[in-house]
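Structure first, commentary second.
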Amino acid sequence: MSRLPNQARNLPLNVRAAAAIELLADRERQVLSLLLLERLTLIETSAALNLSAQQVERSFSKAIAALETELGAARSTRRVA
């Protein structure tokens with residue numbers, strides 16, 4: 001179930017994605033930022049956040065699943081005529 005407000009569902013994908021990222025837990029947001037934006041490796045991200053590699057992997061997986069849920073739920077509300 002989506003946590004995005006109903007009015008956000010008709011906004012452009014980049015706006016919905018930004019809103020969905022804001023809904024993530026701090027750790028999940030940090031992991032996404034370091035891995036995807038800063039392009040750090042798993043080991044570098046783990047060291048930067050003082051986490052194990054397994055914790056980084058788990059946080060990344062949770063973040064991606066949450067984004068898929070939010071953006072999938074938002075996308076599925078649009079009907080094609």
(request) Go through (1) under 15 Å from L67 (Cα atoms); (2) modelled with pLDDT of 95 or more; (3) outside any loop (DSSP other than H, G, I, E, B) one by one and return the number of the condition A19 breaks. (result) (2)
(message) Residue under question is E28, and the condition is that it be farther than 26 Å from R9 by Cβ, acidic (D, E), in a helix (DSSP H, G or I) and at pLDDT 95 or above; does it hold?
(response) no
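Using the structure shown, decide if E57 is closer than 29 Å to L13 by Cα, part of a helix (DSSP H, G or I), out of contact with any helix residue (DSSP H, G or I) (no Cβ under 9 Å at 6 or more places or on another chain) and of a type outside the set (A, V, I, L, M, F, W, C).
Details: closer than 29 Å to L13 by Cα: yes; part of a helix (DSSP H, G or I): yes; out of contact with any helix residue (DSSP H, G or I) (no Cβ under 9 Å at 6 or more places or on another chain): no; of a type outside the set (A, V, I, L, M, F, W, C): yes.
In short, no.
The values are calculated or read from the model by the stated rules, or taken from the named source; none is laboratory data. Fair warning: this is a prediction, and the values are worked out from it, not measured in the lab. Here Cβ is always computed from backbone atoms with ideal geometry, including for glycine, and neighbour counts include all displayed protein chains.
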